[in-house]
Amino acid sequence: MTLRPLTRALSRNFGWKLGSLLIAVLLWFAYVGEPEAVTMRTAPILYRNLSKDLLIGQDAADSVRLALRGPAGRLSSAALGDVAVDLDLGGIQSPGERTFTLSDGDLRLPDGITFLRAIPSQLHLQFARRKSKEVPVEVRFSSPPPAGYRIVRQEVQPGRLRIAGPEARVDAIAVAQTDAIDVSAVTGTGEYRVNTFLSDSQVWFESPPTVTVKLAVGKK
């Protein structure tokens, strides 16, 4: 008597249930029976949780080579398209150098894929304190005024620009220089809108780098 409800439940839609079971068994055999393979994959490095007061040195790697093992069908470029090294820098609070040894805990891998090794196996990073400051604009000229003339007045707007970068490199920069202005044919007033640049490529502008230079050229 007590087995009848269970029997009816098992026999209801028996064909569908049997079919689902067969499909599951076939998928399991397909997965287990699929040969394993090893592949090398270039993966990007994602540096996250870095303090806003710190910068990573310019020589920091942007990718590594990974040796991965898994079912051959899961090692295609499409299946591994989202594989990345996810390096947590939340524990770094001061400048200096740090070495990180890569492990499977630093990776985002699909199910069934095993991490074997990384090339390089370690990341050696330099951290610098971020600094910003204002520097004056220095106007450059590609040629002097005509013979008998001189620059009698010069005005730059804005006269100072804000820059940022690694502390030591920012400290070493005294001015932002303009592109050279040709005044070889100017005998009155002129207004020039020019770009400025910095002598160190690791330092950048926080304010727009374009300035307006107003000149007055008169007789000596």
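Here the condition is being assigned by TED's automatic domain parsing to the domain that holds Val38 and aromatic (Phe, Trp, Tyr); of Phe115, Phe197, Phe141, it holds for Phe115 alone. Is segment 151-171 home to any residue that is surrounded by fewer than 17 Cβ atoms within 10 Å (Cβ to Cβ) and either hydroxyl-bearing (Ser, Thr, Tyr) or touching a Cys at 6+ places or on another chain (Cβ under 8 Å) (or both)? No - not one qualifying residue is present in segment 151-171. Residues that are within 30 Å of Lys214 (Cα to Cα) and of a type outside the set (A, V, I, L, M, F, W, C) number at least 1 in the following strands (runs of 3 or more DSSP E) confined to segment 58-150: 122-138, 141-143. Residues in segment 184-197 that are modelled with pLDDT under 95, surrounded by 13 or more Cβ atoms within 10 Å (Cβ to Cβ) and among the aliphatic types (A, V, I, L, M): Val186 only. Of all residues in segment 85-108, those that are within 30 Å of Pro35 (Cβ to Cβ) and surrounded by 10 or more Cβ atoms within 10 Å (Cβ to Cβ) total 8. Return the residues of segment 109-128 that are surrounded by fewer than 15 Cβ atoms within 10 Å (Cβ to Cβ), over 23 Å from the mean Cα position of the chain (by Cα) and farther than 12 Å from Arg41 by Cα; say none if nothing qualifies. Of everything in segment 109-128, those that are surrounded by fewer than 15 Cβ atoms within 10 Å (Cβ to Cβ), over 23 Å from the mean Cα position of the chain (by Cα) and farther than 12 Å from Arg41 by Cα turn out to be Pro110, Asp111, Thr114.
If I filter segment 166-219 down to residues being in contact with an Asp or Glu (Cβ under 8 Å, 6 or more places away or on another chain) and among the small types (Gly, Ala, Ser), which single residue comes out as nearest to Gln58 (Cα to Cα)?
Looking at the filtered set, the residue picked out is Ala172.
Would you confirm, using the coordinates I've provided, whether Ala147 is of a type in the set (A, V, I, L, M) and exposed (fewer than 12 other Cβ atoms within 10 Å of the Cβ)? Spelling it out, Ala147 is indeed of a type in the set (A, V, I, L, M) and exposed (fewer than 12 other Cβ atoms within 10 Å of the Cβ).
The values are calculated or read from the model by the stated rules, or taken from the named source; none is laboratory data. Just so it is clear, the structure is predicted and the values come from calculations on it, not from any experiment. Here Cβ is always computed from backbone atoms with ideal geometry, including for glycine, and neighbour counts include all displayed protein chains.
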